[in-house]
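Remarks on the structure that follows.
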Amino acid sequence: MKKTIEKRLTRAEVPKELTWNLVDLFPSEQAWEAELEVIDQEILRFGKFKGTLHTSPNALLDCLSAQEQLLMKLIKAGTFASLKQSADGTDPLNQANSAKFSALRTKTMAAMSFINTEILALEDGTVEKYLQEEPGLADFRKNLLELLETKNHILSHETEEALAALGELQGAPYQIYQMTKLADMDFSSIEDEEGNELPVSFALFESRYEFSPDTAVRRKAYDSFVSSLKQYKNTMAATYAAEVNKQVTLARLRKYESVTHMLLEPQQVTLEMYNNQIDIIYKELAPHMRRFAQLKQKVLGLNQLLFCDLKAPLDPDFNPETTYEEASQVILDSLQVMGPEYCSIIERGFKERWVDLADNVGKSTGAFCSSPYGAHPYILITWQDNMRGCFTLAHEFGHAGHFYLANENQRIMNVRPSMYFVEAPSTMNEMLLGQHLLAGTEDKQMRRWVILQLLGTYYHNFVTHLLEAEYQRRVYALAEAGKALTAQTLTEITGAVLSEFWGDTVEIDEGAGLTWMRQPHYYMGLYPYTYSAGLTASTAVAQMIQEEGQPAVDRWLDVLRAGGTMKPLELLKHAGIDMSTPDPIRKAVTYVGSLIDELERSYE
């Protein structure tokens, strides 16, 4: 029998209806080129504003309005280049255009860098006086006052200039980490039962082998993975220690109470909210997740549940199929509760080709939503005709619906809310899809499958990222106390975090202790804990919608329209949730417990 080799399409071979419609951004490549020329010319206009911001409120308004107009052009042009590159990174034209835009962006930012410096140099009380005298500055109020809040942490002009010049060096730990991980690490291949040789890489382990239903393959891949990690642990520990010490040093230089205070400031989150999020989930979710681990061990028939077995599928042979058209309809049906305005946005997304669903050579993996101001959102996904993709699509449309409403109702500088909130609208749509599917079936296997999808979302946000956050919190405490961060120390911290959470239900081996080597998030400030905050909020809102109906929906839509005009605590209070208290977090933990209850019952 002749072997058939599946050939991936090139971008040029992909049917148009499977691609996104970039004409809505620019009608042609030439139009995009022309816009770059316009931006280049507009940069020159900023010379006349330099040194004038102290003269009058009108001078400040003129400068900020020009900055707003330029940013709108820059974002649209940048989105066009980055979406082209994401759709086909192998195309030399896309690569060249990406580099061309990157140089223009750097030039633009440099030309506008004087604005914040001059505002911060104004005499105390000047900005407040300007805001009273010039009504046109009202929409800039929030950003201006937030900029002033950083004033106590700004260093002398010369020092700031020196730190800015070292900007690329400050990003070095992350670059070195990525280079080690993606370019230098080699993993030994493994053999399956038939004697076929299977390659192992970072991406293959984390996207395929960790989820393999074949215990022998999963564990062999894990051993190969861990043996390569071990060879790089000292290099990676030194790299991560440099990142942490950089943050600790900057926090001291800038006179912050602690490195945690410095990293939470841009998120507008209090220390109490941050600690609540980690403390409660870490302690109170653990008993539920231990039940989940015990169930997994029993169903998979394992003598012992190893760390590498945690993501093994419980029901590997059941993967409901669906076409993209069917999935679109299921998502729309699940969102009916959100009302006609919201549903019409999502419907437009499906009808007007906001989504790129093709699989082609050079296309980015994973899924994302990009929401350029002045155009509609765009979603990238590789569609595989299964229901898991339906949840991913619902998630990305959650981002799209949010930023469509925010972009439509706010000016560009007031669109983006805190990182603490950003994952709430996306996970909210996953919750609504899950509720809709559960309400529509009594089939035991289908219900179990939906519960496993929802538990997958909670595992990702409440376990994986939450355990990262607890590890991060312990690392920063050690660093501030002046302790050395060696590979041994980092491995011990990780092992302790995992053991305290899983108890004796999971074997925490040497490889589990090296989990700190796997996450790029540690190089992005206090990012990991925010995943659980967004899902805590969406769990609470989804429950409110079930209980209250329309009033809860109306409040939620107001919150989406508000964009970045409120701090996250105010934003969520408007939705009916008080994140300064432990209640919403406890409610979400209880909900996860109820999903595990039903999962256990499905195996009785």
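The values are calculated or read from the model by the stated rules, or taken from the named source; none is laboratory data. Quantities reported herein were computed from a predicted structural model and do not represent experimental measurements. Here the Cβ positions follow ideal geometry from the backbone for every residue, glycine too, while neighbour counts run over all protein chains shown. Accessible surface is based on the protein model in full, side chains and every heavy atom, while ligands, DNA and RNA are left aside. Shrake-Rupley method; radii C 1.70, N 1.55, O 1.52, S 1.80 Å.
Some observations on this one:
- Angle in degrees between helix 233-253 and the longest Cα principal axis of the chain, rounded to the nearest 10: 30
- On Cα atoms only, tilt of 444-458 relative to the major axis of the chain in degrees: 40
- For the chain, the residue among M109, P287, G301 whose Cα projects farthest onto the positive side of the dipole built from Cβ charges is M109.
- Extension gain, L478 to S499, is 5.6 nm, computed as 0.36 nm per intervening residue step minus the present C-alpha separation.
- Peptide ranges 448-454, 358-364, 88-94 listed from the most packed, as the mean C-beta count within 10 angstrom indicates: 448-454, 358-364, 88-94
- Space enclosed by the convex hull of the alpha-carbon atoms of region 37-84, per residue, Å³: 65
- Here the chain is assigned +1 on the Cβ of each Lys and Arg and -1 on the Cβ of each Asp and Glu. Its dipole about the Cα centre then comes out at about 720 debye.
- Extending 7 Å from the Cα toward the beta-carbon at both Q488 and K311 defines two label points whose distance is 3.0 nm.
- Chain lengthening between M72 and T235 when straightened (0.36 nm per residue, less Cα-Cα): 54.5 nm
- With every protein chain in place, region 128-181: carbon and sulfur % of accessible area (1.4 Å): 58
- A 1.4 Å probe run over region 496-604, with the rest of the protein chains in place, finds 35 Å² accessible per residue.
- Two-site FRET efficiency, A162 against F368, from Cβ-Cβ distance with R₀ of 22 Å, rounded to 0.05: 0.05
- Each Lys and Arg Cβ is given +1 and each Asp and Glu Cβ -1; about its Cα centre, region 1-81 then shows a dipole of about 480 debye.
- Highest to lowest packing among 276-288, 197-209, scored as the average C-beta count within 10 Å: 276-288, 197-209
- Within straight-line reach of K483, meaning a Cα separation under 18 Å, sit the following aspartates and glutamates at least 8 residues removed in sequence or on another chain: E243, E470, E492.
- With the gyration tensor restricted to C-alpha atoms of the chain, the semi-axes of the equivalent ellipsoid amount to 40, 30, 27 Å, longest first.
- Label-to-label distance for N196 and E128 is 7.1 nm, based on points extended 7 Å past Cα in the beta-carbon direction.
- Förster radius 51 Å - calculated FRET efficiency between E604 and D186 (Cβ-Cβ, nearest 0.05): 0.65
- If both residues of a DSSP beta bridge must be in the chain, then about 60% of such bridges are antiparallel.
- Rounded, prolate or oblate (a/c below 1.5 giving rounded, otherwise prolate when a/b exceeds b/c) for region 421-580 by Cα gyration tensor: oblate
- Oblate is the label for region 180-291, because the ratio a/c of its alpha-carbon gyration tensor axes (a ≥ b ≥ c) is 1.5 or higher and a/b is not greater than b/c.
- FRET efficiency for E272 and I154, using Cβ-Cβ distance with R0 set to 30 Å, rounded to 0.05: 0.70
- Long pairs among K233/K311; K246/K587; K181/K246; K48/K76; K76/K573, criterion Cα-Cα beyond 29 Å: K246/K587; K76/K573
- When you restrict to C-alpha pairs under 8 Å that are six or more residues apart and normalise by the size of region 251-333, the relative contact order lands at 12 percent.
- Mean separation of Cα pairs under 8 Å and 6 or more residues apart, divided by the residue count, gives region 506-604 a relative contact order of 22 percent.
- Calculated P(r) tail over 26 Å for region 359-476, as whole % of Cα pairs: 34
- When a 1.4 Å probe is rolled over the protein heavy atoms, the share of accessible surface on region 466-525 that falls to carbon and sulfur comes to 53 percent.
- Full-stretch length increase - V299, A96 - with 0.36 nm per residue and alpha-carbon distance subtracted: 67.9 nm
- The chain: angle of helix 465-480 to the longest principal axis, Cα-based, in degrees nearest 10: 60
- Ranked by the mean number of other Cβ atoms within 10 Å of their residues, highest first, the peptides 554-567, 333-346 fall in the order 554-567, 333-346.
- Building the convex hull from the alpha-carbon atoms of region 82-238 and averaging its projection over directions returns 15.6 nm².
- Hits among lysines - C-alpha to C-alpha of K351 under 17 Å, sequence gap 8 or more where chains match: K16
- Global form of region 512-595, assessed from the alpha-carbon gyration tensor, a/c cut-off 1.5: oblate
- The distance between label points at S113 and T382 comes to 3.9 nm (points 7 Å beyond Cα on the Cα→Cβ vector).
- Hits among lysines - C-alpha to C-alpha of K151 under 18 Å, sequence gap 8 or more where chains match: K129, K142, K255
- Take region 278-346 with all the other protein chains still there, run a 1.4 Å probe, and you get 45 Å² of accessible area per residue.
- Taking all protein chains together and rolling a 1.4 Å probe, M419 ends up with roughly 80 Å² accessible.
- For region 232-352: span of alpha carbons on each principal axis (Å, largest first): 56, 51, 32
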